[in-house]
Structures are given as structure tokens and as C-alpha cells.
1. Can you name every one of the helices (runs of 4 or more DSSP H) wholly within the range B:236-345 that holds 3 or more residues which are under 16 Å from the mean Cα position of the chain (by Cα) and buried (at least 19 other Cβ atoms within 10 Å of the Cβ)?
2. For the range A:139-169, give me each residue that is farther than 21 Å from A:ARG119 by Cα and of a type outside the set (A, V, I, L, M).
3. How many residues does the range A:210-243 hold that are more than 7 Å from every other protein chain (Cβ to nearest Cβ), touching a residue at least 40 places away in the same chain (Cβ under 8 Å) and part of a helix (DSSP H, G or I)?
4. Condition first: over 20 Å from B:LEU207 (Cα atoms), among the acidic types (Asp, Glu) and surrounded by 14 or more Cβ atoms within 10 Å (Cβ to Cβ). Now tell me which residues in the range B:32-79 satisfy that.
5. Looking only at residues in the range B:192-219 that are of a type in the set (Gly, Ala, Ser) and crowded, with 24+ Cβ neighbours inside 10 Å, which one is nearest to B:LEU304 (Cα to Cα)?
6. Taking the options B:VAL105, B:VAL87, B:VAL52, B:VAL94, name whichever one is touching a residue at least 12 places away in the same chain (Cβ under 8 Å), over 23 Å from B:ALA257 (Cα atoms) and of a type in the set (Val, Ile, Thr).
7. Looking for something more than 27 Å from A:VAL227 (Cα to Cα), within 14 Å of chain A (Cβ to nearest Cβ) and of a type outside the set (A, V, I, L, M) - is there at least one such residue anywhere in the range B:235-249?
Amino acid sequence: MVTWPKEYGGRGLDLIQWLIFEEEYYRAEAPTRVNQNGVFLLGPTLMEFGTHEQKSKFLNAMATGDHIWAQGWSEPGAGSDMAAIRTTAVLEDDHYKINGQKTWSSRAAYADWTFGLFRTDLDSERHRGLSFILVPLNLPGITVRPIPQLDGEPGFAEIYFDDVKVPVENLLGGDGEGWKIAMATAGFERGLMLRSPARFQQTASKLLELYLANQDHCSPMIQAKVVEAWSQSESYALSIYHTASKMLAGGSIGSESSLGKIFWSELDHMMHQTALKILGASAELSQESKNDAAKWIKGFMFSYAGPIYAGTNEIQKNIIAERLLGLPR
Amino acid sequence: MNFIFTEEQIQFKDAIKSFLAEECAPASIRDGWQKNKSFNLERWKNLIELGVLSSNLPEKKGGLGMDQVTLALMVEEMGYAGLPEPVAEQIFLVNDVIPFLPKNVTEAVESNFNDGTQYIALAHPLAPNPLFLNDAAGLILLDNSECKFIAKNDMDFEIISSNDPSRELFKVSSMNDAISTSKNFDELNSAVSSRGSLMTAALLIGLAQKMVDLSSIYVLDRTQFGKPIGSFQAVKHMLADVAVKIEFAKPAVYRAAYSLSENNPKSALHCAHAKLMCAQAAELACKNSIQAHGAMGYTWEMDLHIYMRKAWSMMACWGNEDKQLELIFKTLSSTSEELGVLYTF
């Protein structure tokens, strides 16, 4: 949260300085940030749509890591089609009563809070009548069931709501404005904040190192992939610098973030796939071994998630075609 | 740190864009094909009047002293319009390399090209057949060790046909009186190759954008199963894939141009990076655009191939994808180059 204002626990730095911070973070091979759903998604959303009370209550606690946040978008019947949300939040006096189920909730297995969309107008359909509500996960009536992931980690979870009472002051923005706010959050996720270019540049450098150490038993085809990995991660970085400068000059980020989401997720997968090819037969070793095989395999598995989360790449392509190329829905 | 364009840069780009939309429509390009005369002297003169041909000559020589980033933005528009005249070539391969030419060659060029208004062709092992020699005052010829200048009247040449009818290629069969020198050759050669890569990269990105735009228009218009084919996801996704490639090829072009303007020691790497990304974007643009057009894409009648042919030529000359991959790998694997996550800022 180096870009956050100081009063909320940040450093008050600009986006270019944030990029520099990120470069150092990834170069040091620092771990994935446990609170990144909070810091990079909810944080900016709160700053844009939150009341003064909400900002002071949530932002500092998020910055210190006292509140770990999980996202609560998807439901069993609402994945790519997020407007099909059915979990209800009915206003009763000073609280909302929530009933239903969220799923694929990243970090819910160990988080303290979740933010998500709930249907507050029971007669509404699709993206109307939804509200953005912040819910503590320790309330009576909440059951969290972790879902073991492909990589063996308990990252995401199902959340069941059974007459859960949430105070009305936990509503972010107006009642019924949830969709608009969620779209802003989704933009942060696809766009700049979560996928800093340094992550991919660092992987590309590691891949080059791996190739140079094992060059003797690799074909020229692998070499071409290694060069492409470097080239694409450079391009991604340059493009993000441009976006950051544009935002600093008062511009905003829109449907273009869909272009980036496709690009980095495919790049990440290609790089890990190439690494596994260099590793040869050791590409199945999940214990400590030469060439960090286990790390590459873990990253390889995780790279399959990229084209799915934050809106599948197929949905992003629809967005690009409809909003940037002007094709009909 | 600032990674956006200046207002002036955008103005130049917009000015050339609207000029070319008016003066370089597909009908006028086809007219050149018909007459076997793709070099349109009137359009060339109008571009001189706009100041485009002398844009990057120093101010004391009557130019605007324009930087390479602005040039790249303008050349992108020349690609978008499929401009047949060798304007990008004159700007990047003649004007921009004058500071690297040996003195005697510079003098010969300057006495022949009339402050940049007279076209001078250039040949190099990466683009061995000079363009439009009939319309040139002379030829700068780089082989593997020497730079020569030959005035038009001092050589015999014959035309070679290109798959892109907008490109009149030539082969020099004999020459007399060439001015020749091997002085400073490596530096010159590298300056020329880098500019060739950057120039073709910028043209390719414009061409790729044009193909996507033509395809978007076509798939909105063409109806099957009672709807525009552009409403089908299979078609949308093909074009979206190209849009992604273009988006991430562009910044490589602008960085390479900036790198040249700053005399960055890594500019050869950056130009190779730009060409690689743009060639790959244009290749997908060709494939998916022709597919989006269906059988119409395979006709002479549809304008798509005007741009597709030029893109194929631009991919091939000044170092194709394979050559650029090789150059990038050589740089990356040499330990003296510091690259990667730490070396951006």
C-alpha cells in the first residue's frame, strides 16, 4: 500500500514509485502478500466509494494486516455470469440479514472479513438491485468450508450464510449501487494493481538463467521461447509504465485492462511451460532438487489459474471485442 | 519519470493521419498498381510541403529536428494508410543516418537530395533490393564491409517484381564511379540495421491496426444466421487476440524510438524487441483478418490484401522474426548486459 495516503497507513507515493517498490519486492523474491485482495482490490474501492468512518475503520487495519480480507463474488450459479447472483441481504431495521452461498472465495479459508455483492432488492434481476457489503467472517450463521486447490493449498473456500445479521453501516456506497462499485474493483484486479510487471520480468529472468544453465540439452525451439518470455515481459512492463503515467496525468483505466489480463496470464503460463521443458524428466519432482524444479512446477500449476480468475480470458475477449472494437453483443 | 506522449507528438501523428486518410485511400493505391507507377509524385510533393520529408533534419538544414518517437508515431500512420512512397525509408534510413555516414558519402548525399526533397534509395544485406530506384537521385549501398554512394546516372539497374505491387524493387547490375569507404562501418551498419528494424516495426503496427479495423467493419456488415457475424464469439475472439498483440507491441516501438533518441547503448536490443513484437502482431493480424473476411478475404477485390501484402514484405525485410530472436538472445546471454527487473529505472 505504498500508494495509499499516510493517514491510512500508506506512504503517499505515486504509481511510478510504486512500480519501483514492486521491482525491488519481486527481485528480493518476497512472498505473495497475504492481504492482497484487501490491499489491491478493496483498498482502492474504499478510497473511492467509502465514507470517512469506513475508511478509518478498515484501511488502517488492512494496512497493518490486522484484517485479512477475502473476496466474495462468485456463487454456484454465478461465475462468469456474475449478475446471476442470488445470495440475498434483506434490510431489517439497522442490519441486513444475509442468506445464501458464495464460492471460490480467495483467501476465505483464513480471512477475517469478506467483501462482495448481495441482492438487496429481492424483486430485482441481473445487475440491478445488488449492493456491495463488507461482512466479518466470525458472525453467527457463517460457515466457511475451504476447498483444497490443485496445488494442494487451501486458498479458496465456500462461504455459507444462514440468517447472518450485518450492521447497515457495512454497506459500501448506496443500496443498489453494488454493480457499479464491483466493476470498479474488477478493473483494479485486471489492471494495474495486482499484476505488477516486475512479477513477470522476474520470472523471465529466472527462466533465462535456467536456460543458460541447461542450454546443452535444449533445442533451438526452447531458446526462441525464452527470448519471447523476455520480450513479452518487457512489453508488459512498458505498457504498464504508460498506463501509470496516463493515470498520473489524470486519465483513467477502462476496458484496456482486459487486454493486459489476457497478455500476462498467457505469458505466465508460457514461461512456466517452457521452464518445465528445460527441466526435462525432473519436471515431476515436487521436492527440493537441482534447478528449483518444485518451485517451477508450483508456479506452472498456478499459471493455469491466471486465465480463469479475475474474469476468464474468454469473457475478457468479449469485452475487448464489444467495447474496444465495437462489435455487437 | 513520464511515459506518455507530448501534445506536439500527438499533433504530428494526427496531422499525418488525416492527410493520408484523404490522399492515400485504397483507390489511389490501386490506381498506382494499374499504371505500374506506385510512386505518386504529387503525393510526395504534398508530403514535402507538410514538412514530413525534412522533419528529422537539423533545423540549420531546414528541418524540424524531430525526435525518433515522433517519427515512429508518424510512420505508424504511414503503415496504417499503406503509403507506397518510401517516406519512412527516407526519414529513417537516409535523414536519420546522415550523422553516421562517412564524410565523403554525406557530401554526395547532400549534393543530391536537395534538402531531403529528393529521394535517395538505400540497400543493405537485410533489404538487398532498393526501392523505387527509377525515382531516386542515387543509392546508398551497404554491403558487409563498405558503404558506397552511387548517383543514378552512374549505374544500370533492372526492376524486380514484388509480391506487394506497391513496392517497386530493383537490382543494380553494374555501376561506375561509386564513392566508397569502409570508415566507421560497424557503427554505421548498426545504426542502419536498428533503424530498419524500428521503421518496419512501426509500419507493421499501423498495418496490423488497419487490418483489425477493416475486419471489424466487415464483420459488422456481413450477416449470417440472421445476425452480423461479429456477434459470434468465435469471430470476436479472433479479433480480440489481435488487439492484445497490437497493444503490447506498441510500447516496444516507442521505447526503441526513445532509446535511439537518447543514444542508449541498448538501442539495438530495443529495436530488435520492437520488430519481434510487431512482426508477431502483424502475422496474427493477417491470419485472423483474412479468416474474419471469409472467402472475400481471398479476393483481389477486397482492400484487405493491400495492407496484408505490405505487412508480409515488412516482416521479411530488415530482419525477420528469426533474426531478431537471434539478436536478442545474443545480447541477453552476454554477461556484460544488465537486463531485467532491476534495470528499468
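The values are calculated or read from the model by the stated rules, or taken from the named source; none is laboratory data. All values derive from a computational prediction rather than experimental measurement. Cβ coordinates were reconstructed from backbone atoms using ideal geometry, including for glycine residues, and neighbour counts include every protein chain displayed.
1. Working: elements: B:267-292, B:304-316, B:321-333.
Qualifying helices (runs of 4 or more DSSP H): B:267-292, B:304-316.
2. Once the filter is applied, which keeps residues that are farther than 21 Å from A:ARG119 by Cα and of a type outside the set (A, V, I, L, M), the range A:139-169 yields A:ARG145, A:PRO146, A:PRO148, A:GLN149, A:ASP151, A:GLY152, A:GLU153, A:PRO154, A:GLY155, A:PHE156.
3. 12
4. Once the filter is applied, which keeps residues that are over 20 Å from B:LEU207 (Cα atoms), among the acidic types (Asp, Glu) and surrounded by 14 or more Cβ atoms within 10 Å (Cβ to Cβ), the range B:32-79 yields only B:ASP67.
5. B:SER215
6. B:VAL105
7. Among the residues of the range B:235-249, at least one is more than 27 Å from A:VAL227 (Cα to Cα), within 14 Å of chain A (Cβ to nearest Cβ) and of a type outside the set (A, V, I, L, M), which makes the answer yes.
Conditions (1) closer than 24 Å to B:ILE140 by Cα; (2) among the aliphatic types (A, V, I, L, M); (3) touching a residue at least 12 places away in the same chain (Cβ under 8 Å), marked per residue:
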residue	(1), (2), (3)
B:SER193	yes, no, yes
B:LEU198	yes, yes, yes
B:ALA202	yes, yes, yes
B:GLN224	no, no, no
